[in-house]
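Only one structure is covered here, and it is reproduced in the block below.
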């Protein structure tokens, strides 16, 4: 990603709009899995649950052994009252 390192996302922590704008700008051109995961966290906090899931899924399509992504998906599914998918995501996380 050009001017932002997803590992230093704390520099925009707390400003969901800024975080969303930054990640949205760079996501189409990156294969950096953590950028997608961070965007999923931002979208989850903004209560955009379907988009959060899609962002986490994109992250695990790049790095399928990323425990945190499956755990994050579990949280989103729980918040969306989809307990079956939450359990499935959590089992995937545990199997990594």
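Throughout, read-outs are computed from the coordinates displayed, never taken from laboratory work. Just so it is clear, the structure is predicted and the values come from calculations on it, not from any experiment. Backbone-built Cβ (ideal geometry, glycine too); neighbour counts: all protein chains shown.
Each of residue 54 and residue 96 was given a label point 7 Å from its Cα along the Cα-to-Cβ line. The distance between the two points is 2.2 nm. Our estimate of slack between residue 46 and residue 17, defined as 0.36 nm per intervening residue step minus the Cα-Cα distance, is 9.5 nm.
Ranked by Cβ crowding within 10 angstrom, fewest neighbours first, how are 49, 16, 94 ordered? Please report the intermediate quantities before stating the final value.
Numbers: 49 18, 16 14, 94 10.
Going from sparsest to densest Cβ surroundings: 94, 16, 49.
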